[in-house]
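Take a look at the structure below.
The values are calculated or read from the model by the stated rules, or taken from the named source; none is laboratory data. Nothing here was measured: the structure is a model prediction, and the numbers come from that model. Here the Cβ positions follow ideal geometry from the backbone for every residue, glycine too, while neighbour counts run over all protein chains shown. These accessible areas exclude ligands, DNA and RNA; they are computed on the full protein's heavy atoms, side chains included. Shrake-Rupley method; radii C 1.70, N 1.55, O 1.52, S 1.80 Å.
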Amino acid sequence: MGLRPPAPWVLLGAALALATGVGMAEGSAVPVEVRGTAGAYALYRGGEPYAVRGAGIGSAAALPSLARHGGNSVRTWAVGDGSILDAAAEHGLTVALCLDLARERHGFDYGDRDAVARQLERARTQVLAHRNHPALLFWIIGNELNHDFTDPRVYDAVNDISEMIHRLDPNHPTTTATAGIDPSLARVIETRAPDLDFLSVQLYGGLAQLPAALADAAVESPVMVTEWGTIGHWEVRQTPWGAPLEPTSTAKARRFLDGHETVLGPMEGRLIGSYAFLWGHKQERTPTWYGVLTADGRRTEAADVLRRIWTGAWPANQAPRLLGLRVDGKAAADQVRLRAGAPYVAKVDADDPDDDPLRFEWVLMRESDATQSGGDAETVPERVTVPVVPRGPGEIGLRAPAEPGAYRLFVYVGDGHGAAAHANLPFLVTGA
């Protein structure tokens, strides 16, 4: 698969600016380009090699901690008001800015020429507004537009927007982010969107298969991984009542480390950068599944791992480790069923690398009934209050909810130094 051959956009940009007066206003933009040949590509910013140490962010509030941990770039899923560019610049970070295109699975018709034209004009307005910002790194034209798509004309629209960007902004490359990659999708993008400068792919549990997938798809263009991290909620075992089994924060940290050491690191030169998902927190089946930070901003082991990847050093104080959670002596994989109103014991096994005293917080929620996919917004499940009796460090007695149904018990283990571990266990309450 070959997209637009890597080219020195800085020189082309200067020529266009002299000829048309477009794209180089005030000289505030920092030129970015892809250089190299197959297997030896690299991203350059301001004429210097730029190794992306990136993450997606939940909100601008997460930027300071990302910078402290050694990250140098963030990606978005929409332009919004563009203020993320100023906020990132304050912390020395760059931004991969995503133009949020409409999705076929949400009802958009890429055969509707007027609707497609209006979308192109919206993108043009956003590009004109932000093309010269010094924090801008590259443009992502649509996120996972291949998710449940049937109409390949979506990539005609992507190509039209890429061509528009290259006319108006010769200083920043273009890409589109796909959910995985296979030969059929690669051929569609190669044929219909050849103007893109590189391809971006997003994988979770399938990250280990990325080298083979690129080989099978004959992708020879530069590649960025714009989402990677823990295993996805759609890739794990479920209980008989449909509750996915979430790994502990410790298990997720191991997956981050393994993903980098066995896949991303060895693919340097084939890849031109990566963005971990997610620096912050997000409700997606649970409030803890994807974020490397808790909702109150505490870092988990996965954040420590990313610091190690980005800087080569672990933090002076490391996050607690969580080895297991049981209710009634059973783990999540045991398909826990409790009787309504009956007493049980919940116990968590955790420790701390720095021997910090640990603090335990228990939260009970109804099981999510979300059916959304592709990262679409979900509602945080309702919290449920039940009688709880502390029985010692990491252990409580609790009564099962009186109302039958599906629930999930969460435990957060804090070290008092801004770090936490967490785990959860889904269970089904049956009639007394």
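The spacing between the stretch 182-216 and the stretch 70-130, judged by their C-alpha centroids, is 21 Å.
So what's the net charge close to R298: Lys and Arg +1, Asp and Glu -1, counting the other residues with Cβ under 12 Å from its Cβ? Please list the in-between numbers first.
Details: positive: R299, R359; negative: D296, E301, D304, E361, D415.
Spelling it out: positives minus negatives among the neighbours equals -3.
Length gained on full extension, E361 to A215: 47.9 nm, using 0.36 nm per residue less the C-alpha separation. Neighbours of G111, meaning other residues whose beta-carbon lies under 12 angstrom from its beta-carbon, give a summed charge of -4 when Lys and Arg score +1 and Asp and Glu score -1.
Show me 38-49, 276-287 ranked by packing, highest mean number of other Cβ atoms within 10 Å first.
On the way: 38-49: 14.5, 276-287: 22.9.
Put in order of decreasing packing, that is 276-287, 38-49.
Please work out the average accessible area per residue across the stretch 24-104, using the 1.4 Å probe convention, and give it in Å². Kindly include the intermediate steps, with their values, before the conclusion.
Values: 3220 Å² over 81 residues.
Ligands and nucleic acids excluded, the result is 40 Å² per residue.
The slack in the chain from R122 to D258, taken as 0.36 nm per residue of separation less the alpha-carbon distance, amounts to 44.9 nm. For S373 and A38, the FRET efficiency from 1/(1 + (r/R0)^6), where r spans their Cβ atoms and R0 equals 25 Å, is about 0.15. If you bin all the Cα-Cα distances of the chain at 20 Å, starting from zero, the percentages per bin are 25, 52, 21, 2.
Of all beta bridges DSSP finds with both residues in the chain, what is the antiparallel percent, to the nearest 5?
Working: 46 of 81 bridges.
So the antiparallel bridges amount to about 55 percent of the total.
Using the average count of surrounding beta-carbon atoms within 10 Å as a protection proxy, the listed peptides 174-181, 236-243 rank, highest first, as 174-181, 236-243.
Membrane-span-like helices in the chain, defined here as complete DSSP H runs extending at least 18 Å along the helix axis by their C-alpha atoms with mean Kyte-Doolittle hydropathy no lower than 0.0, are 154-168; this is a sequence and geometry rule, not a statement about a membrane. Taking all protein chains into account, the per residue accessible area for the stretch 168-235 stands at 27 Å² (1.4 Å probe).
Reducing the stretch 338-377 and the stretch 135-173 to their Cα centroids gives an inter-centroid distance of 40 Å. Net charge of the neighbourhood of L323, taken over other residues with C-beta under 10 Å away and scored Lys/Arg +1, Asp/Glu -1, is -1. When each of the peptides 357-367, 134-144 is scored by the mean number of other C-beta atoms lying within 10 Å of its residues, the order from highest to lowest reads 134-144, 357-367.
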